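Right, one structure below, let's go through it.
Bear in mind these aren't lab numbers, they're just calculated from the coordinates by the rules spelled out. These figures come from a predicted structure and were not determined experimentally. Don't worry about glycine lacking a Cβ; one is built from the backbone with ideal geometry, like all the others, and counts go over all protein chains shown.
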Protein chains: 2
Amino acid sequence: MQRYKATVAYDGSGFSGYQIQPKGRTVQGEIEQVLQKLHKGHAVGVTASGRTDSGVHARGQVIHFDSPLRLSGDQWIKAFNSLLPDDISFLKAEEASSDFHARFDAVKKKYKYFLYSGPVRDPFKRHFAGHVRGSLNVEAMREAAGHLTGTHDFTSFCSAKTETGNRVRTLFELDMEEHGNELVLTFIGDGFLYNMVRIIVGTLLDVGSGKMDIGAIPDILAAKDRTLAGKTAPAEGLYLWEVYYE
Amino acid sequence: MQRYKATVAYDGSGFSGYQIQPKGRTVQGEIEQVLQKLHKGHAVGVTASGRTDSGVHARGQVIHFDSPLRLSGDQWIKAFNSLLPDDISFLKAEEASSDFHARFDAVKKKYKYFLYSGPVRDPFKRHFAGHVRGSLNVEAMREAAGHLTGTHDFTSFCSAKTETGNRVRTLFELDMEEHGNELVLTFIGDGFLYNMVRIIVGTLLDVGSGKMDIGAIPDILAAKDRTLAGKTAPAEGLYLWEVYYE
């Protein structure tokens, strides 16, 4: 048996999320179906760095799997990409040590969230970015973001359904870049709670549109109460961009 | 009755082309359905600057229609965009003189064709750009393009199914811009024959990949024979970008 590590991109708009489930098309389901074909009908399980929700995209999801086949990285890429549907693509594949674990060995993750503003919706962005009708005060959003970087208990910024006990995470970076009417938020952290990026984006949008004061952010963090933060921003703007290992 | 002119963008990937037809979802069909709703069930026809094929996109298709309703441009935009599916969007609407005609008054059109190169397909571009596996000699493509600008009989560069008799057209511009692994071709001409842009792109790809000599282009033009030019490039890379009026 050889363990392999692979980097995968997918357009999340046609999937009920990454993780396999009884109903609906999933990224994991499609990959495991191909692995089963490549292994003459034998099931081969895949482990990812983490799940992504329905509609969320990945530019650099990382997975691992074990196989008796000895293929080179390029051979795996060709095999997967010829058999996978065209909304998933293997970008990289390589041998990994037998104790490599895509989830437990991940030390940092980068997410990006794409927003565009304008009075009229753009049909080309409907699955790929969040839409804001009015203009945004990006300077205020940057200042608010400054209160969120560092190590905090992010209970107020994760779904009430979160089962994880320890909600302390470190957000190393929360950057914003403007390109014309597009705003790209980049998050790098040691881990992200359920819906954490989307709730932070929703809260920053409240700041950017003037609905919330910058000064409210430290209070919301301190209160550990999800109801005080903004709405969960839509899935279509979110991309798992990169997973970092030691 | 007032004539209105409107600019419309659509993601062509979910349509069987622009023009209404007995089967399949069309852009014209969706727009006319909304117009019928806005006119209490009365059918209102729409005329476009021209058709686009299945899978072809538009950033700036222009249409006209007549209506007894007196709405401002913003009111039409809001009415259309709240009732249309989210892969079509009205960008602009305005009153036009009663003799304005979206097709016959068009004096120039701009198309863009998006290509990306790379060993691995990109799931985010599968509906929005053509994919080239190897690298391209863009300088050779530029030189070949130089033979195509100007006024020519483009019989070799239109579908054999073209019914138009006069195939003389003027291509004012055929520019290429590279952005990383992306190549964008811009065409401005006084009119385009059926599949003309896609056949020119397919032919330039033969030049760029070394399959065809630059010097072959004038001979292909002179021969007026579709079989000598390259393949029709895929629909997904093509965008009707702008329509120009006097």
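Cross-link partners among lysines for B:K108, C-alpha distance below 18 Å, same-chain residues fewer than 8 apart left out?
Hits, sequence-local ones excluded: B:K5.
For chain A, return all DSSP H helices satisfying: extent of Cα atoms along own axis at least 30 Å; mean Kyte-Doolittle hydropathy at least -0.5. Working shown, then result.
Numbers: long enough: none.
Helices passing the filter in chain A: none found.
Where the label is 7 Å out from Cα toward Cβ, how close does B:F104 come to the same position in every other copy, in nm, shortest first?
Result, one decimal in nm: 7.6.
What whole-number distance in Å separates the alpha-carbon centres of region B:71-86 and region B:1-69?
Region B:71-86 and region B:1-69 have Cα centres spaced 13 Å from each other.
Rounded, prolate or oblate for region B:184-237? Axes are the square roots of the Cα gyration tensor eigenvalues, ordered a ≥ b ≥ c, and the cut-off for rounded is a/c under 1.5.
Numbers: a/c = 1.63, a/b = 1.20, b/c = 1.36.
Verdict is oblate for region B:184-237.
Between B:S98 and B:E178, what is the FRET efficiency for a Förster distance of 41 Å, r being their Cβ-Cβ separation, to the nearest 0.05?
Values: r = 45 Å, r/R0 = 1.11.
Using R0 = 41 Å, I get an efficiency of 0.35.
Report the charge-dipole magnitude of the protein assembly as shown in Debye, nearest 20, computed about the Cα centre from +1 at each Lys and Arg Cβ and -1 at each Asp and Glu Cβ. Provide the component values of the computation, followed by the final result.
Values: 58 positive and 60 negative charges, 287 e Å.
Approximately 1380 debye in magnitude.
In the neighborhood of B:A96, defined by Cβ-to-Cβ distances under 11 Å, what is the net charge if each Lys or Arg adds +1 and each Asp or Glu adds -1? Can you show the working numbers first?
Details: positive: B:R3, B:K5; negative: B:D66, B:E94, B:E95, B:D99, B:D105.
Result for the local shell: -3.
Near B:K112, within a Cβ-to-Cβ distance under 13 Å, what is the net charge of the other residues, with Lys and Arg +1 and Asp and Glu -1? List each step's numbers first, then the result.
Working: positive: B:R59, B:K109, B:K110, B:R198; negative: B:E173, B:D175, B:E177, B:E182, B:E236, B:E242.
Net of charged neighbours comes to -2.
Among all the aspartates and glutamates, which ones have a C-alpha under 12 Å from B:K112's C-alpha, if same-chain residues fewer than 8 places away are not counted?
B:E173, B:D175, B:E177, B:E236, B:E242
Please go through region B:1-80 and write out the trypsin sites (Lys or Arg not before Pro) that DSSP classes as loop and that have at most 11 other C-beta atoms within 10 Å.
Details: sites: B:R3, B:K5, B:K23, B:R25, B:K37, B:K40, B:R51, B:R59, B:R70, B:K78; in loops: B:K23, B:R25, B:K40, B:R51, B:R70.
Passing sites in region B:1-80 are B:K23, B:K40, B:R70.
Mind sorting A:E95, A:E177 by how few other Cβ atoms lie within 10 Å of their own Cβ, fewest first?
Numbers: A:E95 15, A:E177 11.
Final ranking by Cβ density, sparse to dense: A:E177, A:E95.
Taking every Cα atom in region A:2-96, find the radius of gyration and the maximum pairwise distance Dmax, and write them in Å.
Final numbers for Rg and Dmax: 12.2, 34 Å.
With n ≥ 4 as the cut-off for DSSP H runs, can you work out [θ] at 222 nm for chain B, using -39500 (n - 2.57) per run divided by the number of residues, rounded to the nearest 500? Before the final figure, lay out the partial values.
Values: 5 runs with 53 residues, N = 246.
Rounded to the nearest 500, the figure is -6500 deg cm²/dmol.
Using every alpha carbon pair in the protein assembly as shown, what percent of pairs falls into each 10 Å bin from 0 up to the bin containing the largest distance?
Calculated over all Cα pairs of the protein assembly as shown, the distribution is 4, 17, 22, 23, 20, 11, 3, 0 percent.
Please work out whether region B:73-223 counts as rounded, prolate or oblate from its C-alpha gyration tensor, where a ≥ b ≥ c are the square roots of the eigenvalues and a/c under 1.5 means rounded, while otherwise a/b larger than b/c means prolate and anything else oblate? Display every interim value, and only then the final one.
Working: a/c = 2.54, a/b = 1.35, b/c = 1.88.
Because a/c hits 1.5 or more and a/b fails to exceed b/c, region B:73-223 counts as oblate.
When each copy gets a label point 7 Å from Cα toward the beta-carbon at B:D225, what are the spacings between them in nm, shortest first?
8.1
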